[in-house]
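Values in this text are rule-based calculations from the coordinates and carry no lab data. This one's a predicted model, so the numbers in the text were calculated from it and none came from an experiment. Heads up, the Cβs are rebuilt from the backbone with ideal geometry, glycines too, and the neighbour counts pull from every protein chain shown.
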Amino acid sequence: MKIVAITSCPTGIAHTYMAAEGLEKGAKKLGHIIKVETQGSIGVENRLTEQEIAEAELVVIAADVKVDLSRFTGKKVYETASNAAIKDGAGVITAAINS
């Protein structure tokens, strides 16, 4: 499955990147393809393209701040806290797929 994700936290430092890593490891473990955009203190990194969003079957938002979801209209979107992705990225991916 192709998945796109966004991670973000209030300070935009550690948890943003730890959540991204958790989702990437979890998706890989489960055999899925994922691209994670981070919205941290230094701005947006690894920005999702329109094509990547169009091809994605699932959108995962692991954030503790409001994320603009307008790019994902018509997509299956699963939202959770960044801490969930840090603790169990594979669990978040599985929950998102089954939601």
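Quick notes
- Whichever aspartates and glutamates have a C-alpha closer than 13 Å to that of Lys29, once near sequence neighbours (fewer than 8 apart) are set aside: Glu21, Asp88
- Each stretch of four or more DSSP H residues adds -39500 (n - 2.57); spread over every residue of the chain, this sum gives -11500 deg cm²/dmol at 222 nm.
- Full extension of the segment from Asp88 to Lys75, taken as 0.36 nm per residue of separation minus the current Cα-Cα distance, would add 2.4 nm.
- Environment charge at Glu79 (Cβ cut-off 13 Å; Lys +1, Arg +1, Asp -1, Glu -1): +1
- Computed on the chain, with alpha-carbon pairs under 8 angstrom and 6+ residues apart, the relative contact order is 37 percent.
- Note on Lys66: lysines with a C-alpha under 25 Å away, same-chain residues under 8 apart excluded, are Lys2, Lys25, Lys35, Lys75, Lys76, Lys87.
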